[in-house]
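Peer 1: Before we start, here is the structure in question, set down as structure tokens.
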């Protein structure tokens, strides 16, 4: 879905917000997962950063809000996410200082 537009409340290829991308991606893989970031976090279990696996969810603090952003770990220190209004779904690196400073935890369904 990389390159698809960001859309607040979106959960289809016409536009995604961060939790909508998780919702859509997991449904395509045959899993029924919650729609909201908060519920996705509450329904998963914590995973140590040293044990990250493809498909784990990464939760970030943004704008002073705890676990307000979520992405999907791809492996190789990379994750996919729907960043914010005016941007597109993209792959970023966890090695980036911004993401390192804002990562809250990793979790798994």
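The values are calculated or read from the model by the stated rules, or taken from the named source; none is laboratory data. Predicted model only: the values in this text are computed from it and were never measured. FYI the Cβ positions are ideal-geometry reconstructions off the backbone, even for glycines, and counts take in every protein chain you see.
Peer 1: Take segment 79-91 and flag every residue that is crowded, with 16+ Cβ neighbours inside 10 Å and either outside any strand (DSSP E or B) or without any contact (Cβ under 8 Å) to a residue 40 or more places away in the chain (or both).
Peer 2: Within segment 79-91, 79, 82, 83, 89 meet the criteria.
Peer 1: It is to be established whether one or more residues within segment 4-17 are modelled with pLDDT of 95 or more, surrounded by 15 or more Cβ atoms within 10 Å (Cβ to Cβ), in contact with a strand residue (DSSP E or B) (Cβ under 8 Å, 6 or more places away or on another chain) and part of a helix (DSSP H, G or I).
Peer 2: No, the conditions are met nowhere in segment 4-17.
Peer 1: Looking only at segment 38-66, which residues are in a strand (DSSP E or B), closer than 11 Å to residue 102 by Cα and more than 10 Å from the chain's Cα centre (by Cα)?
Peer 2: The answer is 61, 62, 65, 66.
Peer 1: Among 27, 35, which is the only one that is at pLDDT 95 or above, outside any loop (DSSP other than H, G, I, E, B) and more than 22 Å from residue 98 (Cβ to Cβ)?
Peer 2: Exactly one residue qualifies, and that residue is 27.
Peer 1: Further question on the same structure: Got a sec? Which of 36, 50 is within 13 Å of residue 18 (Cβ to Cβ) and either surrounded by fewer than 17 Cβ atoms within 10 Å (Cβ to Cβ) or touching a helix residue (DSSP H, G or I) at 6+ places or on another chain (Cβ under 6 Å) (or both)?
Peer 2: 36
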